[in-house]
Amino acid sequence: MNDIIYLVPAFGIVGLLYTAWRFSWVSKQPAGNAEMQKLSGYIADGAIAFLKAEWKVLAYFAIPTALLLFWLGSDTGTPEHPIHSSPLIAVSFLIGALLSATAGYIGMKIATKANVRTAEAARTSLSKALDVSFTGGSVMGMGVAGLAILGLGGLFIAFYNIFAQGQALTSDEMKTAIEVLAGFSLGAESIALFARVGGGIYTKAADVGADLVGKVEAGIPEDDVRNPATIADNVGDNVGDVAGMGADLFGSYVATILATMVLGQEIEVSDNYGGFSPVLLPMLIAGVGLLASLVSTFFVKIKSETSSVQNALNLGNWVSIIITFITSYFLVKNILPENLNLRGFEFTANGVFLAIVVGLVVGALMSMITEYYTAMGKRPVLSIIEKSGTGHATNIIGGLAVGMESTVLPILVLAAGIILSYKFAGLYGVSIAAAGMMATTAMQLAIDAFGPIADNAGGIAEMSQLPPEVRERTDNLDAVGNTTAATGKGFAIASAALTSLALFAAFVGIAGIKAIDIYKADVLAGLFVGGMIPFIFSALCISAVGKAAMEMVNEVRRQFREIPGIMEYKAEPEYEKCVAISTEASIRQMILPGAIALITPVIVGFTMGPEVLGGLLAGVTVSGVLMGIFQSNAGGAWDNAKKSFEKGVLIGGEMYYKKSEPHKASVTGDTVGDPFKDTSGPSMNILIKLMSIVSLVIAPYIAVHTTDVGAKLEKQIIPIVKTIKNIPVDAKITVVTKRVE
């Protein structure tokens, strides 16, 4: 293997150096007055307390899982059906879990520093506020991508040297190295699921409780310092939308690269890199995508108060896509040989490049479509605003309709992307398209993370009673942030669909099955069960938010009732009690949804076999993608419909503002949409990828298990059948009964 592989961890180090540099810049910005710093301290302390509690629970999961993987990795299979793994898969798993948690921590740490500094910068100008909030987001984006590339590239080099030094790419030794590397992705996605679900339950329980009692019942503004749940609400922005999102996209990034490497390992080529170009390419594309994202962060600028923040973010995004497009062409042409073959499908280097282009186009289109369905001033959001004029129920109907409608174009785009990328380069083309789409993850995450930072800044500005123009600037950023958060989730769902298909193809190869026959009753049953899982998963997540929100509502009502002077600013609410409610509820309620994703493939795989498990994965993927798009877009549209009332909206020829009856209806819609867009919706992409990765890791074991069981049954059943054929009909029952006895 060529020394070019060492560029991969080097790219990761560059990303982490940028992270340290920009983290230092944010830390040096003015942090505002003493009151602002006190409130920011409450938020930071609450976020750290949650992460410590979450990590404690996750340690109870990670250590036994690592021990189980160590035991499984010790199984070498049989001479007829060898298993290519190693006990080191447990180490790989723990490193993936640790780095995933670290990615979330980096995001949370910078967000709790950037929020108060963004509020202070908003006292100066919108431009300065954008600089601080987006730089905070870019720290998270580069930190996540840097950790992912450094971890994946470093482990690949280590496992190659341990297991396969000097061996061919298609050798059994390389199969072992890649299988052990899959543990890294399993660890990352496992932690990501719990972080996303736990953080989502936390943030939405606080948000719903704060909105229902504070805004609707008490009639006080959002983020008012008198609201006992307001600190918990702002903590939630960090642990859910930042720490959870960081772990989420870290896992997605790793899974996408790994899926391409697993398929690439099957391709035998002659090149200048010892035949390793098919597995080197996805890692190098991720590396140049990180550099493209780094360069593009310097294009996110605005000049005046009237400049469009959305346009500035879009410019940065397009710059990263264009740079990745150009560099990918030269990478493909210089690394891959002209002709390749995977499982009998022949394709060319040009076909691989075109598949990457398909991935970039699909990612861009998904972002644009999601922006259309969730942005202020567009038809979908305006339709919800109009329906708010006739009450709460019609607002809910309008939001549900928008969410369902929003699945059509993304699915058509995804379907076209799958067909085209497969046509250009087969299954490798589908996976490399996903890798191309995820190459600009650092920039996507920077754009996504700036929103929660701006939201927190607005909360601090409101609680600190800063001048109205400060809140106007933070609200401007926050409104754009709602749209970018929705587009980020749409982007993640699209990448998850392509990645899951690539992981599915890798699973089929390792499990030793040629096809999934849905005419078989058990496979069809698996398909239906898989389609059901996103529904029960969503139900558990939304129910958890509802239960925790009820506790929060009761606590906020109690404090308003029993602590005199809160409404007159004469007494300080007991913020810590609301923080404790969200923390305890989210930690408790995140376990069951996570267990479903991890345990279901194991049970189905070992009891029903790999083909039925394949049917299950197909059902989960299709249903999960649809549910993810529907919930994320409906929630985003409801949120921006509510925010539109802050500047006034026209309904039936009359202007309506905050505290009007249509506004109250929009608050109800936003409350319903909160767990959709921030808990269950964004968890769908982790759910479908995690189940695919679990299946990939257990594939060698269920292949051997199923084959051995089949062989044993064959030895026992065939003699019985032969005996039955040679005896009189009237004696058959007796003989069979005796054999069973």
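May I ask which of LYS28/LYS659; LYS303/LYS577; LYS56/LYS547; LYS303/LYS664; LYS647/LYS689 have a Cα-Cα span longer than 32 Å here? LYS28/LYS659; LYS303/LYS577; LYS303/LYS664; LYS647/LYS689, as the Cα separations exceed 32 Å there. Which angle between 0 and 90 degrees, to the nearest 10, do you get for helix 441-463 versus the longest principal axis of the chain when only C-alpha atoms count? So the inclination is approximately 30 degrees.
Averaged over its residues, the chain has an accessible area of 36 Å² per residue, based on protein heavy atoms and a 1.4 Å probe.
Figure note: THR474, THR306 ranked by solvent-accessible area, largest first, 1.4 Å probe, ligands and nucleic acids not counted: THR306, THR474.
Seen against the Cα atoms of the chain and their longest principal axis, helix 89-121 is set at about 10 degrees. Proximity of backbone amide H atoms, modeled 1.01 Å from N, is registered between GLY77 and ILE83 at under 5 Å, excluding neighbours fewer than 5 places apart on the same chain.
If you take the beta carbon distance between ASP172 and ALA415 as r and set R0 to 30 Å, what does 1/(1 + (r/R0)^6) give as a FRET efficiency, to the nearest 0.05?
0.25
Can you tell me the orientation of helix 392-405 relative to the chain, as the angle in degrees between its alpha-carbon axis and the longest Cα principal axis, to the nearest 10? Computed tilt is about 40 degrees.
Counting only DSSP H runs of at least 4 residues, each contributing -39500 (n - 2.57), and dividing by the residue count of the chain, the helix-based mean residue ellipticity at 222 nm comes to -27500 deg cm²/dmol. Averaging Cα coordinates gives a centre for the range 219-233 and one for the range 367-396; these two points are 25 Å apart. The order of the peptides 624-630, 133-139, 79-85 by mean Cβ neighbours within 10 Å, most packed first, is 133-139, 624-630, 79-85. Most tightly packed first, judged by the mean number of other beta-carbon atoms within 10 Å of their residues, the peptides 321-330, 115-124 read 115-124, 321-330.
Placing R0 at 22 angstrom, the Cβ-Cβ distance between ASP75 and ALA521 gives a FRET efficiency of 0.10 after rounding to 0.05. Short-range pairs are left out: with C-alpha atoms under 8 Å and at least six residues apart, the relative contact order of the range 492-599 is 24 percent.
Label-to-label distance for ARG558 and LYS577 is 0.5 nm, based on points extended 7 Å past Cα in the beta-carbon direction. The portion of the accessible surface of the chain made up by carbon and sulfur, rounded to a whole percent, is 64 (1.4 Å probe; DNA, RNA and ligands excluded). Summarising the label geometry, the points placed 7 Å from Cα in the beta-carbon direction at LEU650 and LEU315 lie 3.0 nm from one another. Centre-to-centre separation between the Cα atoms of the range 504-580 and those of the range 469-497: 21 Å. Potential lengthening of the chain between TRP25 and LYS547 amounts to 183.8 nm, from the contour at 0.36 nm per residue minus the alpha-carbon distance. Report which label in (1) 2, 10, 16, 20, 21, 17, 9, 4, 1, 0, 0, 0; (2) 3, 14, 24, 28, 20, 9, 2, 0, 0; (3) 3, 15, 26, 25, 16, 9, 4, 2, 1, 0 holds the value of P(r) over Cα pairs in 10 Å bins from 0, in percent derived from the coordinates of this structure. Among (1) 2, 10, 16, 20, 21, 17, 9, 4, 1, 0, 0, 0; (2) 3, 14, 24, 28, 20, 9, 2, 0, 0; (3) 3, 15, 26, 25, 16, 9, 4, 2, 1, 0, the one derived from this structure is (3).
I'd like the distance separating the alpha-carbon centroids of the range 252-308 and the range 623-701, in whole Å. When both Cα centres are located, 29 Å separates them. Using R0 = 60 Å, the C-beta based FRET efficiency linking THR348 and MET567 works out to 0.25. Computed from backbone phi with θ = phi - 60° and the Karplus coefficients 6.51, -1.76 and 1.60, the 3J(HN,Hα) list for the range 127-137 is 4, 5, 5, 5, 4, 5, 5, 6, 4, x, x Hz; x is used for glycine and proline. The protection proxy used here, the mean number of other Cβ atoms lying within 10 Å of each residue, ranks peptides 655-662, 248-255 as follows, highest first: 248-255, 655-662.
The values are calculated or read from the model by the stated rules, or taken from the named source; none is laboratory data. What you see is a predicted model; the values in this text were computed from it and never measured. Methodologically, a virtual Cβ is constructed for each residue, glycine included, from the backbone with ideal geometry; neighbour enumeration extends over all protein chains shown. For the accessible areas, the whole protein counts, side chains as well, though only heavy atoms, and no ligand, DNA or RNA atoms are used. Shrake-Rupley method; radii C 1.70, N 1.55, O 1.52, S 1.80 Å.
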